[in-house]
Amino acid sequence: MNWYPNLYVGKKAEKKREVLIRKLETGKTPANTYLLTLPLGEKNQLEIIPAWNLKFWYKKRMVPMIIGLGCGRAEMLELLQQITEEVFRQTGGADLRGYFERTISKFDRKQ
């Protein structure tokens, strides 16, 4: 799996964070679990996907960077709003994809 180093986790998901991550790492798809990912295509900022979509991407060896983890679509939307506000405060803009791509490259350089 390709996890963002400072993974964003919703309130409900935080309570079972380790269990959810372990299940996802072993190829299981926990019910009502959603992921916020960097898109594989060029056009979107970020994508909210149900965890079961990973099974299709695994087969193609195309696992996106996972930015956030949430229990339910509503929690994922709240998390996305929180992230958008945070990025806006830090950068003055809403280029979420660019922000995370720059952040990830900084982490890669440190390692």
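The values are calculated or read from the model by the stated rules, or taken from the named source; none is laboratory data. Just so it is clear, the structure is predicted and the values come from calculations on it, not from any experiment. In this analysis, Cβ positions are derived from the backbone assuming ideal geometry, glycine residues included, and neighbour counts consider all displayed protein chains.
Within region 64-73, is even one residue over 22 Å from Ile104 (Cα atoms), touching a residue at least 60 places away in the same chain (Cβ under 8 Å) and surrounded by 14 or more Cβ atoms within 10 Å (Cβ to Cβ)?
Start the filter on region 64-73 by keeping residues that are over 22 Å from Ile104 (Cα atoms), which leaves 71-73.
Of the ones still in play, those that are also touching a residue at least 60 places away in the same chain (Cβ under 8 Å) are 71-72.
This time we only want the ones that are surrounded by 14 or more Cβ atoms within 10 Å (Cβ to Cβ), so: 71-72.
Checking region 64-73: at least one residue is over 22 Å from Ile104 (Cα atoms), touching a residue at least 60 places away in the same chain (Cβ under 8 Å) and surrounded by 14 or more Cβ atoms within 10 Å (Cβ to Cβ).
When the residues of region 1-41 are narrowed to those that are of a type in the set (Lys, Arg) and in a helix (DSSP H, G or I), which ends up nearest to Leu79 (Cα to Cα)? If you could, list the steps in order and put the result at the bottom.
Step one: filter region 1-41 for residues of a type in the set (Lys, Arg), giving 11-12, 15-17, 22-23, 28.
From what is left, the residues that are in a helix (DSSP H, G or I) are 11-12, 15, 17, 22-23.
Values: Lys11: 9, Lys12: 11, Lys15: 15, Arg17: 15, Arg22: 21, Lys23: 21 Å.
Here the answer is Lys11.
Out of curiosity, is Glu101 surrounded by fewer than 14 Cβ atoms within 10 Å (Cβ to Cβ), in a helix (DSSP H, G or I) and modelled with pLDDT of 95 or more?
No.
Would you please name the residue that is nearest to Ile66 (Cα to Cα), looking only at residues in region 6-16 that are within 13 Å of the chain's Cα centre (by Cα) and surrounded by 12 or more Cβ atoms within 10 Å (Cβ to Cβ)? Lay out the reasoning, then the answer.
As a first pass, look at region 6-16 and keep what is within 13 Å of the chain's Cα centre (by Cα): 6-10, 13.
Imposing the further condition that a residue be surrounded by 12 or more Cβ atoms within 10 Å (Cβ to Cβ) reduces the set to 7-10, 13.
On the way: Leu7: 8, Tyr8: 9, Val9: 11, Gly10: 13, Ala13: 14 Å.
This residue is Leu7.
Kindly indicate whether Gly27 is loosely packed, with under 15 Cβ neighbours inside 10 Å, touching a helix residue (DSSP H, G or I) at 6+ places or on another chain (Cβ under 8 Å) and not β-branched (Val, Ile, Thr).
Values: loosely packed, with under 15 Cβ neighbours inside 10 Å: yes; touching a helix residue (DSSP H, G or I) at 6+ places or on another chain (Cβ under 8 Å): yes; not β-branched (Val, Ile, Thr): yes.
Here the answer is yes, as Gly27 does meet what is asked.
Answer with yes or no whether Lys43 is at pLDDT 80 or above and over 18 Å from Gly10 (Cβ atoms). Before the answer, list the steps.
Numbers: at pLDDT 80 or above: yes; over 18 Å from Gly10 (Cβ atoms): yes.
Against the criterion (at pLDDT 80 or above and over 18 Å from Gly10 (Cβ atoms)), Lys43 qualifies.
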